[in-house]
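Data first, discussion second: the structure below is written as structure tokens.
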Amino acid sequence: MSTSKNQIIKRSRELFEKFGYQKTTLTDIAKSIGKVKSAVYYYFSGKEEIFAALVQQEAREFLDKLKAKVNAAHDPEEKIRVYIDARVNLMEQVAKKYSFLKSEFFELMPLVDENRRSCDIEEVEFLRNILEEINTTSNQQINNPSLSAMLLMQNIKGLEIQMYVTDQMQAHIEDRQAFIDFMLYGIFKNNK
């Protein structure tokens, strides 16, 4: 990505954080980089495309950080535990960073989902590989690793609404182990 394009995304992020998505104009973005609106149009078709690029960039950074944390664990069962803990921590960081989404969450969420879809697919594949590794290296058997990976990711991702809209989080650090156990074992612990 070109320096100018990155600069537009960076400055747009700052403006979105300060004023919100709706109140930030393309003129504001252009002025923030010392250019006219037509210079921004050279790289982006409009504010929505800039926001989409920002979401894609953030999704990639999020997934790269998540994978790095998970891959630091050696045992595949521990990787799943680290995954849950790290994903919740990273989601909390992103929710704080993008608090401007709070008032515009439901309006912007379809655009956010659309532009992080490729990273979501990659994340599910990453999880599926770990679950398949569990099947081959432990006594645990996961019947459908693809479905299990998708459900695990989607369930944790479902906490985003609560984080972005209410600033509340049910999986607090002090309750994190109980949350991880619930995500892995459900209400009833498997006593087989």
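The values are calculated or read from the model by the stated rules, or taken from the named source; none is laboratory data. Treat the numbers as computed from the prediction; the structure is a model and nothing was measured. Cβ sites come from the backbone with ideal geometry, for glycine too, and all protein chains shown count toward neighbours.
With a requirement of 2 or more residues that are polar (S, T, N, Q), in the same structural domain as VAL112 (by TED's automatic domain parsing) and buried (at least 16 other Cβ atoms within 10 Å of the Cβ), the helices (runs of 4 or more DSSP H) lying completely within region 1-88 that satisfy it span 47-71. Scanning region 112-144 for residues that are part of a loop (DSSP other than H, G, I, E, B) and out of contact with any Ser or Thr (no Cβ under 7 Å at 6 or more places or on another chain) gives SER138, ASN139, GLN140, GLN141, ASN143, ASN144. For the residues PHE62, PHE100, the requirement of being within 18 Å of the chain's Cα centre (by Cα) and closer than 13 Å to MET153 by Cβ singles out PHE62.
Restricting attention to region 89-104, the residues that are in contact (Cβ under 8 Å) with a residue 24 or more places away in the chain and in a helix (DSSP H, G or I) add up to 10. Reported count of residues in region 15-40, each being of a type in the set (Ser, Thr, Tyr), in contact (Cβ under 8 Å) with a residue 12 or more places away in the chain and farther than 10 Å from PHE100 by Cα, is 3. Looking only at region 132-140, decide whether some residue is crowded, with 19+ Cβ neighbours inside 10 Å and farther than 30 Å from PHE16 by Cα. Within region 132-140, one or more residues are crowded, with 19+ Cβ neighbours inside 10 Å and farther than 30 Å from PHE16 by Cα.
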